[in-house]
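The values are calculated or read from the model by the stated rules, or taken from the named source; none is laboratory data. Keep in mind that what you see is a predicted model, and the values were worked out from it rather than measured. Counting neighbours? That spans all protein chains shown, and the Cβs are built from the backbone with ideal geometry, glycine included.
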Amino acid sequence: PFSLGCLFLLKNGIEHVLMFSLLISILETCSKSDIEIENGFLSEYDFIYAVNKQTEYKCKPGYITADGKTSGSITCLQSGWSAQPSCIKSCDMPVFENAKTKSNSTWFKLNDKLNYECFVGYENKFKRSKGSIVCENDGWSAMPSCYERECRIPKMEKYLVADPKKEKYKVGDVLKFSCRPGLIRVGPDSVQCYHFGWSPKLPICKDQVQSCGHPPELLNGKVKGVKKEVYGHSEIVEYSCDPRLLIKGPNKIQCVDGEWTTMPICIEEERTCGDIPELEHGYAQPAAPPHHHGDSVVFNCTETFTMIGHSSITCVSGTWSQLPQCIATDQLEKCGAPRSIAHEGSQLDRNEFVHNFNISYKCRGKQEYEYSICINGRWDPEPTCTKVELDSCPPPPQIPNAHIMTTTVKYKDGEKVSILCQENYLTQQTEEIVCKDGRWQSIPRCVEKIPCSQPPDINHGTIEYSRFSEERKEAIESRVHEHGSKLNYICEDGYRLSGEGAVTCHMGKWSSPPLCVGLPCGPPPLIRDGAVSRQLDSYQYGEEVTYDCSEGFGIDGPAFIKCVGGKWSTAPECIRTDCFNLPRVGIAILTGQRKDSYSSGEQLTYKCPPHYQLNGSNTVTCINGKWIGEPTCIDNSCVNPPRVKNATIISRQMVKYQSGERVRYECNKPFEIFGEVEVMCLNGTWTEPPQCKDSTGKCGPPPPIDNGDITSFPLPAYAPYSSVEYQCQSLYQLQGNKKITCRNGQWSEPPKCLNACVISEEIMENKNIMFKWIGKQKLYSPSGSMVEFKCKYGYRPTPSKPFRTMCNDGKLEYPMCTRSYG
């Protein structure tokens with residue numbers, strides 16, 4: 001867009017008008033109409049924005065910017081708007097029902113997938129423990145909901161009786177079995193409902209069963225107790241492993257109709273225990289590390305102290321069992337008389353009992369004696385004649401992907417069974433299941449071991465291949481590493497390892513790699529005609545020193561060097577800083593007096609000969625012996641005026657035209673000229689030439705509009721099908737097509753500039769209203785925008801005009817409020 005200046009002179013009542021044909025200003029602006037924001041809008045009301053003006057845009061609810069925010073900004077540049085803003089569909093983190101996710105994100109883009117996992121004992125509507133949902137245009141494809149797993153009544157043979165018998169059972173429910181009279185149960189007497197179904201397998205009923213012979217031998221283990229020649233149906237044998245070995249699977253087997261159930265196995269427990277824990281007021285008998293699984297350490301208390309608890313601790317799978325206590329002997333508490341129990345005997349007629357005192361009592365109606373001991377103020381066990389029968393648990397379950405352990409043996413409350421997963425599977429959560437309250441608790445999972453890809457790279461270090469065999473090297477190069485793989489790192493020369501020097505693959509992820517830390521450096525190197533600002537004997541990795549040059553010399557290169565891996569980076573040089581020979585600058589002419597030498601920082605100024613234009617700076621500067629800058633003179637003349645169809649150049653034609661010279665055109669008959677009749681050479685480029693066209697259907701100047709104007713310089717005539725664009729003044733809203741076209745001598749309908757509304761504070765005061773929103777108290781509102789009011793405090797609305805009203809071409813209807821009473 002451009003405009004012409006007009007000079008009006010009044011002299012002796014005569015008006016003279018002088019039109020300038022030179023372009024005096026170019027309005028560098030950006031228009032609001034040049035940008036469209038899908039699913040968003042510009043939050044400001046300005047229509048035109050100056051260069052370097054920044055404005056904010058906002059996204060509609062449910063949409064965000066590319067960086068996850070609800071708003072962003074764009075800037076008006078000379079080339080137009082800085083970028084096309086975008087508002088993309090987003091989904092917030094959903095609410096999980098009986099499920100969880102590993103994602104830490106708070107928002108998700110369109111088509112993003114979110115994985116979730118159900119809690120133990122729950123599943124999604126597809127009967128799976130894991131699932132995923134997708135962010136779609138209408139939100140999440142589904143909600144991450146999981147439902148409690150259930151077991152249905154299993155299919156049983158007709159002679160088997162189940163209790164309790166229901167349609168559905170929850171996870172953890174136990175189903176007990178018995179056979180009809182005259183039949184013998186073969187298999188477990190109960191099963192439990194787990195997240196993977198019923199386990200173990202259901203029993204059957206037979207009219208007769210067989211006995212078993214010798215129990216099988218256990219590798220690296222033995223049978224507890226004395227072996228027999230023959231074992232009857234349902235008899236149990238218990239095993240134990242040799243020292244330092246861990247039993248996996250049920251430690252008991254049972255004779256079931258002539259066959260023994262699955263044997264346990266004894267495996268080496270690689271986990272060792274750390275240092276022997278210290279016991280306050282006590283000491284341990286010396287034992288040299290390492291402390292393996294099954295190793296025990298005996299403690300003693302110092303004099304005047306008494307031990308409470310077991311005197312020894314045992315290393316169990318890498319953890320020491322509970323320590324005893326050493327209590328001052330004179331501070332040991334006495335036990336009171338046991339609570340009222342129905343007993344027979346004479347030992348319980350006292351009120352106090354000292355530590356370690358044993359009592360025996362016989363409950364009424366019983367033949368056997370019960371025993372208890374006073375331990376530091378507490379009876380162990382608590383004397384009672386009310387026996388609480390603890391429910392036993394069904395045989396341990398066959399966990400998916402675990403070693404087969406078909407057993408029919410029931411376990412008592414508190415007993416544990418150690419689980420061993422199959423090869424290529426890993427025990428997740430705990431390794432043991434515990435019998436508690438008649439059901440198995442803490443059921444682990446056997447999850448497939450996930451291999452790792454290539455180990456992480458570290459700066460100044462690499463994997464140490466020299467330790468590996470050729471087969472291991474090939475495995476490393478195959479880019480797949482099994483779960484549990486361990487790789488060591490080595491550092492480059494000048495660096496050392498910091499932290500654990502290896503990484504371990506655990507379920508598809510490598511542990512944190514070590515760092516290669518640079519070694520320190522000695523004194524920095526000496527340079528000629530210069531020295532360091534701070535001289536030390538030793539410098540840490542990463543430290544920098546700076547060089548200074550002697551007078552008359554300057555630094556060539558960076559003034560500082562850095563300690564990297566025990567070595568200094570390359571030191572600079574100190575060179576003379578004066579300049580001698582003048583720089584080569586083509587045809588440019590030196591304006592000042594020439595000298596033999598120039599000091600660093602001194603400047604020279606150049607100019608161009610006639611008919612040449614300076615390109616770039618007109619100065620060069622001496623910097624440390626080198627000239628910086630290169631003035632260039634370019635020819636600003638023009639050649640070959642533009643050819644215009646159906647026109648003739650009537651000016652004198654030349655081989656070259658200087659900047660400012662003009663060429664005039666004349667149209668051939670019967671054509672008429674449109675545009676400027678002359679073109680001008682401006683710095684090597686011709687201005688826009690005219691056109692010679694048939695005058696039929698031409699248009700005059702475009703019609704004026706209120707509060708707006710065309711964006712180009714108006715011409716006295718326009719050729720057919722020419723177009724012009726309109727723009728409105730600030731705070732006015734353009735309505736209609738901004739572009740009009742000349743057709744058949746007539747311009748198409750021009751747009752309108754709708755007036756903005758000026759909110760009258762006086763009218764608001766008279767009508768007892770105010771702006772509803774504090775942040776939107778604008779006294780100017782563009783046409784089409786909404787304005788909301790509310791009553792002032794102590795006033796109530798009248799049924800007049802709505803409180804949310806629209807500005808329509810400068811007109812606004814105000815609501816009214818009246819004083820409220822009572």
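When restricted to residues that are free of Cβ contacts under 8 Å to residues at least 12 places away in the same chain and either within 30 Å of Arg576 (Cα to Cα) or surrounded by 17 or more Cβ atoms within 10 Å (Cβ to Cβ) (or both), segment 507-533 contains 1.
Of the strands (runs of 3 or more DSSP E) lying entirely inside segment 179-233, those containing at least 2 residues that are touching a residue at least 60 places away in the same chain (Cβ under 8 Å) and surrounded by 12 or more Cβ atoms within 10 Å (Cβ to Cβ) are 190-194. Residues satisfying the criterion are present in segment 556-579 (criterion: in contact with a strand residue (DSSP E or B) (Cβ under 7 Å, 6 or more places away or on another chain) and within 30 Å of Ile634 (Cβ to Cβ)). Taking the condition of being assigned to a loop (DSSP other than H, G, I, E, B) and at pLDDT 90 or above, how many residues in segment 146-164 meet it? Residues meeting the conditions: 9. Tallying residues that are among the polar types (S, T, N, Q) and either part of a strand (DSSP E or B) or touching a residue at least 60 places away in the same chain (Cβ under 8 Å) (or both) within segment 117-145 yields 3. Please verify whether Ser569 is modelled with pLDDT of 90 or more and surrounded by fewer than 18 Cβ atoms within 10 Å (Cβ to Cβ), treating the condition exactly as stated. Yes: the conditions hold for Ser569.
Can Tyr495 be described as aromatic (Phe, Trp, Tyr), modelled with pLDDT of 85 or more and touching a His at 6+ places or on another chain (Cβ under 8 Å)? Can you show your working first?
Working: aromatic (Phe, Trp, Tyr): yes; modelled with pLDDT of 85 or more: yes; touching a His at 6+ places or on another chain (Cβ under 8 Å): yes.
Yes; evaluated as a whole, the condition is true for this residue.
Looking at this structure, is Ile634 under 30 Å from Cys742 (Cα atoms), part of a strand (DSSP E or B) and at pLDDT below 90? Judged against the criteria, Ile634 is not a match. Residues considered: Leu23, Leu42. Of these, the only one that is within 30 Å of Leu715 (Cβ to Cβ) and either at pLDDT 70 or above or not β-branched (Val, Ile, Thr) (or both) is Leu23. When every residue of segment 519-528 is checked against the conditions, at least one turns out to be at pLDDT 90 or above, more than 30 Å from Ser600 (Cβ to Cβ) and in a strand (DSSP E or B).
Only a single item in (1) touching a helix residue (DSSP H, G or I) at 6+ places or on another chain (Cβ under 9 Å); (2) surrounded by fewer than 16 Cβ atoms within 10 Å (Cβ to Cβ) is not met by Gln727, and it is number (2).
Here Val724 meets the list (1) of a type outside the set (S, T, N, Q); (2) more than 18 Å from Met806 (Cα to Cα); (3) in contact (Cβ under 8 Å) with a residue 24 or more places away in the chain; (4) not assigned by TED's automatic domain parsing to the domain that holds Glu678 almost entirely, failing just condition (3).
Here is a check on your reading of the model: is Tyr726 under 27 Å from Ser31 (Cα atoms) and not in a loop (DSSP other than H, G, I, E, B)? The answer is yes for Tyr726. Here the condition is being exposed (fewer than 13 other Cβ atoms within 10 Å of the Cβ), assigned by TED's automatic domain parsing to the domain that holds Tyr726 and in a loop (DSSP other than H, G, I, E, B); of Glu749, Glu813, it holds for Glu749 alone.
Taken over segment 684-720, the criterion of being surrounded by 13 or more Cβ atoms within 10 Å (Cβ to Cβ), among the hydrophobic types (A, V, I, L, M, F, W, C) and in a loop (DSSP other than H, G, I, E, B) is satisfied by Leu715, Ala717, Ala719.
Out of Gly700, Gly629, Gly616, Gly625, one residue alone is in contact (Cβ under 8 Å) with a residue 60 or more places away in the chain and not basic (Lys, Arg). It is Gly625. In this entry, Asp207 is excluded by the filter for residues that are over 27 Å from Asp437 (Cα atoms), within 60 Å of the chain's Cα centre (by Cα) and among the acidic types (Asp, Glu). Restricting attention to segment 90-116, the residues that are assigned to a strand (DSSP E or B), of a type outside the set (Phe, Trp, Tyr) and closer than 14 Å to Ala142 by Cα add up to 7. Of all the residues in segment 46-79, those that are of a type outside the set (Lys, Arg) and part of a strand (DSSP E or B) number 17. Only residues that are under 20 Å from Asn636 (Cβ atoms) and in a loop (DSSP other than H, G, I, E, B) were counted in segment 601-621, giving 7.
Flag: Ser82 matches the condition of being free of Cβ contacts under 8 Å to residues at least 60 places away in the same chain and over 30 Å from Lys206 (Cβ atoms).
The residues listed here are Cys742, Cys791; of these, the one that is under 30 Å from Glu676 (Cβ atoms), at pLDDT 90 or above and surrounded by 15 or more Cβ atoms within 10 Å (Cβ to Cβ) is Cys742. Which ones in segment 364-381 are within 60 Å of the chain's Cα centre (by Cα), assigned to a loop (DSSP other than H, G, I, E, B) and either among the basic types (Lys, Arg) or on the phi > 0 side of the Ramachandran plot (or both)? Passing the criteria: Asn376, Gly377.
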